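Scroll down for the structure; my scribbles are underneath it.
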Amino acid sequence: MKKIYSIACSLLALLSFAQQTVSFEDNEGFAPGNIHGQGAWISTPTGGTPENVIHQTISTDAATDGNSALKIVKESIYGVQSEPIIGGFYNLTTPLISTLFSVSFDINMSQIDGSVFGFQGFNNSNEQTVVRVDFDKTGIIKVLNKNLNVQNMVSTAGVWSPNTWYRLKVVGTAANTQYYLNDILFYTETTAIPLTMDQLRFVHNNDLGIAYIDNIKINEELILSAKEAKTDSKIVTVYPNPVTDYVHLRLQFPMSKAEVYTAEGRAVNVIFKNNVADVRDLAPGVYLIKIIYDDEMYYLKFIKK
């Protein structure tokens, strides 16, 4: 199994890596009532009239971070759906890439044997589900198996009970995607190819029950990992930082391969020679270098001026 390390640099506090936090509070511009149209949020489109469902709301009934949370409930004029689709959709201003992202949130569901509640990372341009987690009505947590030939929901070791707050966290890297419940790893899958997500969905299949969603954090765990990077005898340093022309890597091991990604996780064409990368053609911004050594991977951030 590959080991993955994030290496903190002195300018880490200045780095923006598309971090976002949503707690549905008034100081973020939210107000109690229909979630549709508040900020970058919409509710499920209907294809008819009204254009979007109307009972997915910001509520003060329950919350973990402040006073408000997203409340997803049954839409009475629609029947039970074959898949979780009714709820709130968050349109991301900066898309996430499946090989470099994290999403976490608190969730509390009211009952077993009711709705299937879920979280989905979705690509609207090609209508593709990239990440999906279902809190099944049986109390089992299921995850989308993204096999290239057959995609289906698979049962995991994760379980849930009603009227209990849980924190779900999904972290994607170039090696794998890991799923945590209350910081306990319950499922890991190998990353196949990079896929983009431009919408996060918090949904259910419109059966019985209520769910509250709160304290959504996007890419927070990526920064946290860098801040708490473990110390290793193989020291990795990037300099200068910020940089205008050439990035130098100081390594205490022979590098097998290196790749550069944008802050959104998109690979860019950079040639490394003798541990030096020519970045003169890169646009100003934040970048990530992935260094591969034997069965280990290291990530370093740098700023191009």
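The values are calculated or read from the model by the stated rules, or taken from the named source; none is laboratory data. If you're wondering where the values come from, they're calculated on a predicted model, not measured in any experiment. Positions of Cβ are generated from backbone atoms using ideal geometry, with glycine treated the same way; all protein chains shown enter the neighbour counts. Keep in mind that these areas ignore ligands, DNA and RNA; they rest on the heavy atoms of the full protein, side chains included. Shrake-Rupley method; radii C 1.70, N 1.55, O 1.52, S 1.80 Å.
Observations on the model:
- Mean accessible surface per residue for the chain, computed with a 1.4 Å probe while every protein chain stays in place, in Å²: 46
- DSSP-loop GluC sites (Glu not before Pro) across the stretch 21-89, with at most 15 other Cβ within 10 angstrom: 51
- The residues neighbouring residue 65, those whose beta-carbon lies less than 9 Å from its own, together hold a net charge of -3 under the Lys/Arg +1, Asp/Glu -1 convention.
- Pairs from 217/305; 74/137; 169/290; 273/301; 142/169; 217/257 whose Cα-Cα separation, in the structure shown, is over 21 Å: 217/305; 169/290; 217/257
- Of all accessible heavy-atom area on the chain, the percent that carbon and sulfur account for (1.4 Å): 49
- Euclidean distance between Cα centres, the stretch 244-280 to the stretch 51-72, Å: 44
- The charge dipole of the chain, taken about its Cα centre with unit charges on the Cβ atoms of Lys, Arg (+1), Asp and Glu (-1) only, comes to about 1000 debye.
- Taking the chain as a Gaussian network of alpha-carbon nodes connected by springs under 10 Å, the highest mean-square fluctuation of the residues 211, 157, 258 belongs to 157.
- For the stretch 58-74, 3J(HN,Hα) computed residue by residue from phi via the Karplus equation (6.51, -1.76, 1.60; θ = phi - 60°) reads 8, 10, 9, 5, 7, 6, 10, 10, x, 10, 10, 8, 6, 10, 10, 9, 5 Hz, glycine and proline entered as x.
- Here Kirkwood radius over Cα pairs in Å was computed from the coordinates, and among (1) 20.0; (2) 20.6; (3) 21.1 the match is (2).
- Highest-fluctuation residue, 73, 171, 270 considered, GNM on the chain with Cα pairs under 10 Å: 270
- For residue 36, distant residues with modelled amide H under 5 Å away: 43
- Most mobile listed residue (131, 103, 236) in the chain, GNM with C-alpha springs under 10 Å: 236
- Taking other residues whose beta carbon is less than 9 angstrom from the beta carbon of residue 286, and scoring Lys, Arg as +1 and Asp, Glu as -1, yields +2.
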